[in-house]
1. Tally up the carbon and sulfur contribution to the accessible surface of the chain as a whole percent, 1.4 Å probe, everything protein left in place.
2. State the extension gain, in nm to one decimal, for the chain segment bounded by residue 193 and residue 153, taking 0.36 nm per residue of separation less the distance between their alpha-carbons.
3. Find how many whole Å separate the alpha carbon centroid of the stretch 137-205 from the alpha carbon centroid of the stretch 60-131.
4. For the chain, what is the charge dipole size about the Cα centre, in debye to the nearest 20, if Lys and Arg each add +1 at the Cβ and Asp and Glu each add -1 at the Cβ?
5. What three numbers, in Å, describe the spread of the alpha carbons of the stretch 28-89 along their principal axes, ordered from the longest?
6. Multiplying the sequence separation of residue 104 and residue 45 by 0.36 nm and subtracting their Cα-Cα distance, what value in nm do you get?
7. What residues qualify as long-range amide H neighbours of residue 123, i.e. H under 5 Å apart, gap of 5 or more or another chain, H built at 1.01 Å from N?
8. Using only the Cα atoms, what convex hull volume per residue in Å³ does the stretch 89-214 have?
Amino acid sequence: MPDRATPSSASPLPAPPAPSPGDSLTIAVVDPSRARAAILEEGLRAVEGARVVVIPDTADLLDRLSALSPDVVVIHLESPSRDLLEQMFGVSRLVERPVAMFVDRTDTPMMQAAVDAGISAYIVDGLRAERIKPIIEIAILRFNAFARLQRELSEAKSELADRKLIERAKGILMSAKGLTEDEAYKQLRRKAMNEKRKIVDIARAIVTAADLLG
């Protein structure tokens, strides 16, 4: 028999290590219908080593998922209302896990909302046991690819912000001390080495001090 999740006051899920299709996975199945959940469980038995936990309703769902901390979330909604779909999309944004969602009907705005929410697999009228395992595997791969792109974008933005900060700090030193750009950078680098800090941290301190002094 599958485990059943219990309510919890836990906070939203922290970012987990990225799962892989071959891992032993804890899979949360969110479905108010026991009959439909059984179809999902049957299909998930093909996922080797999977632990399936059924959550039979959507009340306090985020807290319950936080308590469970699953590797993958599978949601099935029969004829879902727009409000319920939007609630599930909100959960998808917060759990930072691969989410596969099965719905019996949808429309173009809802499909777009699913994409915007980061739903890894959005399946319309396709709940069949033999399809579950490949859908879960695809959901994991899509989630990991999207997470990698997000991480690379975040790192690129951070590097650009650091470069701008260093350029501004060099400009402050050049203006205050009559240095060339190369001399200003060498001073930043020397101070960073002496204090065993990053150049960007020294630059941030210089910019902050300049801002305070007006």
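1. Carbon plus sulfur share of accessible area: 53 percent.
2. Net length gain for the segment: 11.5 nm.
3. Cα centres, the stretch 60-131 to the stretch 137-205: 38 Å.
4. 1080
5. Dimensions of the stretch 28-89 along the principal axes of its Cα atoms: 35, 25, 16 Å.
6. My answer for the length gained is 19.0 nm.
7. Close amide H contacts, sequence-distant or interchain: 101, 102, 103.
8. In the stretch 89-214, the Cα hull volume divided by residue count equals 165 Å³.
The values are calculated or read from the model by the stated rules, or taken from the named source; none is laboratory data. Source: prediction; values computed, not measured. Positions of Cβ are generated from backbone atoms using ideal geometry, with glycine treated the same way; all protein chains shown enter the neighbour counts. The accessibility values were calculated without ligands, DNA or RNA, using every heavy atom of the protein model including side chains. Shrake-Rupley method; radii C 1.70, N 1.55, O 1.52, S 1.80 Å.
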